[in-house]
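To keep things clear, I will list the structure first and then write my remarks on it.
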């Protein structure tokens, strides 16, 4: 039960019910879809990239609580960041949810709440789906990406 | 020294269906998951194996392992006899007219691909149509799409209603002189709907159109009588009927199989080979190229024997009671909606919860030791029809109990508690 509570923390549940930046950006100049064929999670990430920095970011789609909360909190933590900073944060986030690094406020900020995912290997792809889509959007890939 | 063929499975006297006793036959059920007794409700994905199956495979490798249909030595003779006995058992189990109509394949998927690539390639041409239903598993969609793409043919799909039942009148309207084959599931893996396959066969045969039935979910749940059903092809998977993975059966009417080209070339499927001309072997060997999956075929034989011993009628009755009980209990939980409410239904309870994604349901149930499947169940068009990305699915087997249904219900309440 405690592991389950670690996974479904209040913050995560709250974001999944009221996702932030949940909109299609009209100003987006980068966009990509993330799709998890196994469970049907499907998100579109919209980015307004100006001079190598994320000026605005939004997302839309459907998925489980983990994938939706992750997308929501990702958009919050990336506004104003450069693409290099975004990539660096994704690497840290990935290391934490896969259990390769300890997650704490220092290295992940608010995203540290996802540390509990590492106890549920099957849910790693839920937590990283939006990030994979973001990566594809920044690289300008048009095809839907999968976290499989 | 003995020349007697030892059969790995004994003949048991018929016995009353006693679920507690039956559970004792399945070693895997007796374990804890996350500290809770395992409640295995993912039987539509694969069933667990009784000791008789595990021991039959073990016995084969310990005592009889040899290649079949060629050796003159004792082990080869034993292996061949054990292998061919299963063909007779499968024939009897499905009530096919002739054992040469039983082809061993890897599973339902391979069976359908075999028919699409042999019968289909020979008989379907540009502008022709293949008719399936909106209930199909991907394995009864994609092989036909591949064929349509190659031949310039068209895949037509008969619609279903909001209960998940085939609209038979619409199905009949889609039958036309262009229709070259009909392919339908007997029992839907995503919703549990039992299709009116008898009617479907009658309608198609009235227009001389052959019918393939995907029996993967039906074979372990109801008595299948192929001579009464009169379909032209029927496909089953061993692992969904308490047998091993990697083995299944394609039934085909001899008349059709005789006229079909082989699926794969190789050893065992030939009568003679020269570089100028190869003469194919007779049925069923024409369709069994290469050394087959002998051990798992023998495992399948033990599974069939096990099902015969319990009796499909008893199993059907037990699962029907369980499904009715589970449906009553689950639909009474606030915020839960059952997807697939066909009048004729078996084995499967698919459901969604408002605001809670099936994937989260699956994780929380697993923490209670309850194994269900979440996702699209390899039937994405079914999910699209109901405008949902996925469902949580409890699917029952002969060893499930009312207490396990109660555990599921408690688990669903837990989901609500955790997700708020």
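The values are calculated or read from the model by the stated rules, or taken from the named source; none is laboratory data. The structure displayed is predicted, hence computed values, not measured ones. Positions of Cβ are backbone-derived with ideal geometry, glycine not excepted, and every protein chain shown enters the neighbour counts.
Numbers below:
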{"read-out": "Residues of region B:356-408 satisfying the condition of being without any contact (Cβ under 8 Å) to a residue 24 or more places away in the chain and more than 9 Å from every other protein chain (Cβ to nearest Cβ)", "value": "B:384, B:387, B:403"}
{"read-out": "Evaluation of residue B:292 against (1) crowded, with 22+ Cβ neighbours inside 10 Å; (2) touching a strand residue (DSSP E or B) at 6+ places or on another chain (Cβ under 7 Å); (3) within 25 Å of residue B:54 (Cβ to Cβ) (one fails), failing number", "value": "(1)"}
{"read-out": "Selection count, region B:111-140, where residues are crowded, with 21+ Cβ neighbours inside 10 Å and part of a helix (DSSP H, G or I)", "value": "11"}
{"read-out": "Selection status of residue B:257, touching a residue at least 60 places away in the same chain (Cβ under 8 Å), under 30 Å from residue B:395 (Cβ atoms), in contact with a helix residue (DSSP H, G or I) (Cβ under 8 Å, 6 or more places away or on another chain) and buried (at least 20 other Cβ atoms within 10 Å of the Cβ)", "value": "no"}
{"read-out": "Residues satisfying the stated conditions in region A:37-55, i.e. more than 11 Å from every other protein chain (Cβ to nearest Cβ) and either closer than 23 Å to residue B:384 by Cα or touching a helix residue (DSSP H, G or I) at 6+ places or on another chain (Cβ under 9 Å) (or both)", "value": "A:43, A:44, A:45, A:46, A:47, A:49, A:52, A:53, A:54"}
{"read-out": "Given (1) over 21 Å from residue A:121 (Cβ atoms); (2) modelled with pLDDT of 95 or more; (3) within 14 Å of chain A (Cβ to nearest Cβ); (4) over 25 Å from the mean Cα position of the chain (by Cα), index of the condition residue B:350 fails", "value": "(4)"}
{"read-out": "Test: residue B:258 is within 20 Å of residue B:166 (Cα to Cα) and outside the structural domain of residue B:327 (by TED's automatic domain parsing)", "value": "no"}
{"read-out": "Filter result for residue B:91 (within 18 Å of the chain's Cα centre (by Cα), at pLDDT 95 or above, in a loop (DSSP other than H, G, I, E, B) and crowded, with 16+ Cβ neighbours inside 10 Å)", "value": "no"}
{"read-out": "Given (1) more than 12 Å from every other protein chain (Cβ to nearest Cβ); (2) touching a strand residue (DSSP E or B) at 6+ places or on another chain (Cβ under 8 Å), index of the condition residue B:324 fails", "value": "(2)"}
{"read-out": "Enumeration of residues in region B:233-250 that are surrounded by fewer than 24 Cβ atoms within 10 Å (Cβ to Cβ) and closer than 19 Å to residue B:115 by Cα", "value": "B:246"}
{"read-out": "Some residue of region A:9-21 being under 30 Å from residue B:382 (Cα atoms) and at the interface with chain B (Cβ under 8 Å from one of its Cβ atoms)", "value": "yes"}
{"read-out": "Selection count, region B:219-249, where residues are touching a residue at least 60 places away in the same chain (Cβ under 8 Å) and assigned to a loop (DSSP other than H, G, I, E, B)", "value": "13"}
{"read-out": "Answer from B:184, B:201, B:213 - the residue that is free of Cβ contacts under 8 Å to residues at least 60 places away in the same chain, surrounded by 15 or more Cβ atoms within 10 Å (Cβ to Cβ) and not in a strand (DSSP E or B)", "value": "B:201"}
{"read-out": "Evaluation of residue B:378 against (1) over 23 Å from the mean Cα position of the chain (by Cα); (2) at pLDDT below 95; (3) surrounded by fewer than 19 Cβ atoms within 10 Å (Cβ to Cβ) (one fails), failing number", "value": "(1)"}
{"read-out": "Selection count, region A:65-83, where residues are within 14 Å of chain B (Cβ to nearest Cβ) and in contact with a strand residue (DSSP E or B) (Cβ under 6 Å, 6 or more places away or on another chain)", "value": "2"}
{"read-out": "Candidates B:111, B:158, B:116, filtered to the one that is over 30 Å from residue B:292 (Cα atoms) and assigned by TED's automatic domain parsing to the domain that holds residue B:290", "value": "B:158"}
{"read-out": "Helices (runs of 4 or more DSSP H) completely within region A:43-109 that count 1 or more residues being without any contact (Cβ under 8 Å) to a residue 24 or more places away in the chain", "value": "A:83-97, A:105-108"}
{"read-out": "Where residue A:62 falls short, out of the listed (1) within 14 Å of chain B (Cβ to nearest Cβ); (2) within 14 Å of the chain's Cα centre (by Cα); (3) crowded, with 18+ Cβ neighbours inside 10 Å", "value": "(3)"}
